[in-house]
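Q: Once you've had a glance at the structure underneath, I'll fire off some questions.
The values are calculated or read from the model by the stated rules, or taken from the named source; none is laboratory data. Since the structure is predicted, the reported quantities are computational estimates derived from the model, not experimental observations. Every residue, glycine among them, receives a Cβ derived from its backbone with ideal geometry; neighbour counts consider all protein chains shown.
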Amino acid sequence: MEHFLSLIIFFPAVAGALGVFIDERSIKTYAVMMSLIEFALSLFLLAFYESGTSFSTSASIISAYGISYFIGVDGISLFLVILSTLMTFLALISLSIRERVKNLIISVLFLEMTMIGVFVALDAILFYIFWELSLIPMLYIIGAWGSGRRIYAGVKFFIYTFFGSMFLLVGLIAMAYLYYKSTGEFSFNLIAWQGLNLPINAQNLLFLAFGIAFAIKTPMFPFHTWLPYAHGQAPTIGSVLLAAVLLKMGTYGFVRFSLPLFPDACVHFAPLMCVLAVIMVIYTSFIAFAQKDIKQVVAYSSIAHMGVIILGIFSLGSEGVSGAIFLMISHGITSGGLFMLVGFIYDRRHTKLLSEFGGLAKIMPVYAFCFGVVLFSGIGLPLTIGFVGEFLSLLGIYKISFYYALFGGFGIVMGAIYSLNLYKKTFFGKICVEQNRSLKDLKFSEISSIVPICVLCIFLGVAPNFMLSRISPSVSENIALMAHNAQNLATKNYIEKANFKAVINAK
């Protein structure tokens, strides 16, 4: 396994580079084959993974400053890697763009490399490089193949995320300096950083530096305004990858960096983070209900679900954090699937307005069925993938505060209201637009991309332990590390309240 992770990271980039020599008519077939191989490689990673363990490899790059090529995967990052390869594969199958398709596919394959790199990097500089590189292909995808005000949407996405990245870079350099003051040598090794006992004031400042970057990427209120524009103007494949994977970089950053490195600061800022999360859930749910554009409903619902993930993370309990990671995966699958489905109908009608549809269930029954399965999974219907993560996240935050759980649950109820309203207006009632009578149901390539998502929505809802059995041990280890590194008694009490076993194990 020493070089297997490196193969998974860089295979898409190599495939993209070789794609330059493939002609336009064959490039989609080539890309689907390459992304299928990449997905298969990630499944081999799952096959060899044992719960509670991790793979890693390391090689020095700039030894004088402790910068190294250090990568690894554990239960927290394992399924995020698989999510990245799966959604890229399915998005390429469903790709319908015909203009400059070679450039688009090369950009997507390069983006896949950066997404995987973020989730496996254990050296802070390497993490930052992949984090920043992911902005370039997504900016290009939105600006070159989007619609309407695509340049504005792409530039806004870039400015927001790059602004956060500057704070992240300052935080990384400050951490390396503090490590140098403590040990006499520089290091950007994340595992080595976890052994530091930082002063509480330093933790608070560093939490803010890292947190701003992660909050913008998530995106948390009030940094969320770039997302609806990006989704609204991006091509379908851009929206799928943005919602399914890129947003998870922010919440992953909180779990991988903030929780183990700044335990006292996490507890100190937990009330603020939970209040912002509740605002995300409720505020964007009301906005989603008011939208007249199907894609905008899905976009704002994504922000609301990311708020539930934040609640789970800052419960700081094993149930809440495990549920948040599970919800990252489930949200990636359902939101990616919904954007894919919206793209299918947009390709036929070239409109996303709710007023242009109605009665589609009679004309496109297969499409209506698939849309219903994914939509109800996103709502969190029991025995679907969305229910498990939402339940565990709210269970975790309930141990800390009944009111956070109450308001988070209210947002989920609102999600059911605007989602069912969307489904009703789109698929039931009279056919008001005559042009819709001639619409054709899903074709083979569309069925091939959406059916696996529907299957996963049911399978992982019925058998969630397939993922949880691998996620939970790594989460428990992370929480035990938090309890061990905590200096403030209030922090230990908070963690004990959220997860008593983690404190016992640490002691």
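Q: So is K492 free of Cβ contacts under 8 Å to residues at least 24 places away in the same chain, over 24 Å from the mean Cα position of the chain (by Cα), on the phi < 0 side of the Ramachandran plot and crowded, with 20+ Cβ neighbours inside 10 Å or not? Show your work before the answer.
A: Numbers: free of Cβ contacts under 8 Å to residues at least 24 places away in the same chain: yes; over 24 Å from the mean Cα position of the chain (by Cα): yes; on the phi < 0 side of the Ramachandran plot: yes; crowded, with 20+ Cβ neighbours inside 10 Å: yes.
So K492 fits the description; yes.
Q: Now, a different point. Against the condition buried (at least 22 other Cβ atoms within 10 Å of the Cβ), touching a residue at least 12 places away in the same chain (Cβ under 8 Å), part of a helix (DSSP H, G or I) and touching a Cys at 6+ places or on another chain (Cβ under 9 Å), how does S258 come out, does it pass? Don't jump to the end; show me each part of the working.
A: On the way: buried (at least 22 other Cβ atoms within 10 Å of the Cβ): yes; touching a residue at least 12 places away in the same chain (Cβ under 8 Å): yes; part of a helix (DSSP H, G or I): yes; touching a Cys at 6+ places or on another chain (Cβ under 9 Å): yes.
When the stated conditions are applied, S258 passes them.
Q: I'd like the residue in the range 4-22 that is more than 23 Å from V118 (Cβ to Cβ) and free of Cβ contacts under 8 Å to residues at least 24 places away in the same chain and, out of all such residues, is surrounded by the most Cβ atoms within 10 Å (Cβ to Cβ).
A: Looking only at the range 4-22, we keep the residues that are more than 23 Å from V118 (Cβ to Cβ), and these are 18, 20-22.
Still in the running and free of Cβ contacts under 8 Å to residues at least 24 places away in the same chain: 18, 21.
Working: L18: 13, F21: 7.
In this case the residue turns out to be L18.
Q: Check T225 against each of (1) of a type in the set (S, T, Y); (2) surrounded by 21 or more Cβ atoms within 10 Å (Cβ to Cβ); (3) within 27 Å of L420 (Cα to Cα) and name the one condition it does not meet.
A: Unmet for T225, out of (1) of a type in the set (S, T, Y); (2) surrounded by 21 or more Cβ atoms within 10 Å (Cβ to Cβ); (3) within 27 Å of L420 (Cα to Cα): (2).
Q: For W226, indicate whether it is aromatic (F, W, Y) and under 23 Å from I125 (Cβ atoms). Let's see the steps before the verdict.
A: Values: aromatic (F, W, Y): yes; under 23 Å from I125 (Cβ atoms): no.
No: the conditions fail for W226.
Q: Determine the pairs where a residue that is under 16 Å from I294 (Cβ atoms), located within the range 218-246, has a partner that is charged (D, E, K, R) and not in a helix (DSSP H, G or I) with Cβ atoms under 6 Å apart, the partner being 6 or more residues away or on another chain.
A: Pairs that qualify, where the first residue is under 16 Å from I294 (Cβ atoms) and the partner is charged (D, E, K, R) and not in a helix (DSSP H, G or I), are Q233/R149.
Q: Then there is this: Out of everything in the range 322-370 that is among the β-branched types (V, I, T) and within 23 Å of L241 (Cα to Cα), what residue ends up being surrounded by the fewest Cβ atoms within 10 Å (Cβ to Cβ)?
A: Restricting attention to the range 322-370, the residues satisfying the condition of being among the β-branched types (V, I, T) are 325, 329, 333-334, 342, 345, 351, 363, 366.
Next, from what is left, pick out any that are within 23 Å of L241 (Cα to Cα): 325, 329, 333-334, 342, 345, 351.
Details: I325: 32, I329: 23, I333: 26, T334: 31, V342: 24, I345: 22, T351: 15.
Of everything passing the filter in the range 322-370, T351 is surrounded by the fewest Cβ atoms within 10 Å (Cβ to Cβ).
Q: Which count do you get for residues in the range 428-453 that are of a type in the set (D, E), part of a helix (DSSP H, G or I) and modelled with pLDDT of 85 or more? It would help to see each step written out before you state the result.
A: Looking only at the range 428-453, we keep the residues that are of a type in the set (D, E), and these are 434, 441, 446.
With the extra rule that they be part of a helix (DSSP H, G or I), the set shrinks to 434, 446.
Adding the requirement that they be modelled with pLDDT of 85 or more leaves 446.
Number of matching residues: 1.
Q: Any chance the range 460-480 includes a residue that's hydrophobic (A, V, I, L, M, F, W, C), in a helix (DSSP H, G or I), modelled with pLDDT under 90 and crowded, with 17+ Cβ neighbours inside 10 Å?
A: In the first step, residues of the range 460-480 are kept if they are hydrophobic (A, V, I, L, M, F, W, C); the result is 460, 462-463, 466-468, 471, 475, 479-480.
In the following step, the residues that additionally are in a helix (DSSP H, G or I) were identified as 460, 462, 466-468, 471, 475, 479-480.
Now narrow it down to the ones that are modelled with pLDDT under 90: 479-480.
Those left that are additionally crowded, with 17+ Cβ neighbours inside 10 Å: 479-480.
Yes, the conditions are met somewhere in the range 460-480.
Q: So, one more: From the list P271, P235, which residue is within 22 Å of F158 (Cβ to Cβ), at pLDDT 90 or above and surrounded by fewer than 22 Cβ atoms within 10 Å (Cβ to Cβ)?
A: Exactly one of P271, P235 is within 22 Å of F158 (Cβ to Cβ), at pLDDT 90 or above and surrounded by fewer than 22 Cβ atoms within 10 Å (Cβ to Cβ), namely P235.
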